[in-house]
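Taking it in order: structure first as structure tokens, then the write-up.
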Amino acid sequence: MVERLFIYLDKEVLKARRVEPYEKLTKPLVWKDLEFEYTTSPLLMINWPIILPELSPKIARSLLDLVGARYQFSPYYKQLQEICPELIFKKEFDEWVFYGGTFNPWHKGHQACLNLLPEDKLCFILPDRSPLKELKELEPVSTIIELVSKIKFGKNHYIAPTFLLDFQKNPTVTWIEKLHHDFPNKKLSLLMGFDSLKNIMKWVRPEELLNMIDTIYVSSRLEDDEEREAVAEPLRMMASKLNIVFLGRHEFEGLSSTDIRASK
């Protein structure tokens, strides 16, 4: 049976359902291997991650790709805008906060970091491969299914499956540099734990990255005030316009994805 979808947008949340055999598409559109039609009817629609396990791997990846293309920072944004402008992400904020990581697995410490971010901030969760670790093959669809089953999204939190579909190392400075060029008036910020801030000088081209970032929002990882300043002050001196905002403490500061994987 040919897999086709009706796609619907509900307050920036993409929803979908299968096209039944007795139904016809009046204005069919094609995205990669997916044939779909945008509809204004909410009838029987479900959030897009829920439908992924029902689809063949090829169609599921195409849907994942379409979801990622909704965002302006996707290289395929303009292509989707031409094909189906109704699906483009339309929330306007002067600041984009990016929460990137392998999240393998997502745990309560990651969630606490997300929860501590002020709720008026627009935050994009970017599952990705670490440039500092060995490149490993991941199955994007199953990775996204697992993540969305665990993440508790706030009203301004969105998962953006963009980089996950590319089997390559993707240093933060590379895509931030492009966004900085393409959106010079947009504030570009990062959300991370203190352990990541402490190691940021090991990242690719850290000084250039820090000078393109507006704010780094940091959740605690068992550090004290003295350690915070010892890490933050040299970074502020390196990037005079950089803001480093410490979000506060939480009860899951000792959790580590590495330790969780090792315990299994």
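The values are calculated or read from the model by the stated rules, or taken from the named source; none is laboratory data. The model shown is predicted, which means the values in this text are computed figures rather than measured ones. In this analysis, Cβ positions are derived from the backbone assuming ideal geometry, glycine residues included, and neighbour counts consider all displayed protein chains.
Per-structure values
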quantity: Boolean, Ser62 is more than 23 Å from the chain's Cα centre (by Cα) and of a type in the set (Ser, Thr, Tyr); calculated: no
quantity: Residue that is aliphatic (A, V, I, L, M), buried (at least 16 other Cβ atoms within 10 Å of the Cβ) and either out of contact with any Gly (no Cβ under 8 Å at 6 or more places or on another chain) or outside the structural domain of Glu177 (by TED's automatic domain parsing) (or both), where the choices are Val30, Val67; calculated: Val67
quantity: Verdict on Glu223 being farther than 29 Å from Asp94 by Cβ and either touching a Gly at 6+ places or on another chain (Cβ under 8 Å) or not hydrophobic (A, V, I, L, M, F, W, C) (or both); calculated: yes
quantity: Failed condition for Leu247, given (1) buried (at least 18 other Cβ atoms within 10 Å of the Cβ); (2) closer than 18 Å to Leu126 by Cα; calculated: (2)
quantity: Selection count where residues are at negative phi and touching a Ser or Thr at 6+ places or on another chain (Cβ under 7 Å), scope region 8-36; calculated: 4
quantity: Counted residues, region 1-34 - those being of a type in the set (D, E, K, R), within 21 Å of the chain's Cα centre (by Cα) and part of a strand (DSSP E or B); calculated: 2
quantity: Unique match (being under 18 Å from Gln81 (Cα atoms) and surrounded by fewer than 18 Cβ atoms within 10 Å (Cβ to Cβ)) among Glu20, Glu12; calculated: Glu12
quantity: Of all residues making up region 70-92, the number that are under 25 Å from Met192 (Cα atoms), free of Cβ contacts under 8 Å to residues at least 40 places away in the same chain and among the hydrophobic types (A, V, I, L, M, F, W, C); calculated: 0
quantity: Contacts under 8 angstrom Cβ, first residue in region 35-46 being in a strand (DSSP E or B), partner surrounded by 18 or more Cβ atoms within 10 Å (Cβ to Cβ) and of a type in the set (Gly, Ala, Ser), 6 or more apart; calculated: Phe36/Ala16; Ile46/Ala16
quantity: Options Lys187, Lys202, Lys155: the member that is of a type outside the set (Phe, Trp, Tyr) and surrounded by 14 or more Cβ atoms within 10 Å (Cβ to Cβ); calculated: Lys187
quantity: From the options Ile151, Ile144, Ile159, residue that is touching a Pro at 6+ places or on another chain (Cβ under 8 Å), of a type in the set (A, V, I, L, M) and modelled with pLDDT of 95 or more; calculated: Ile159
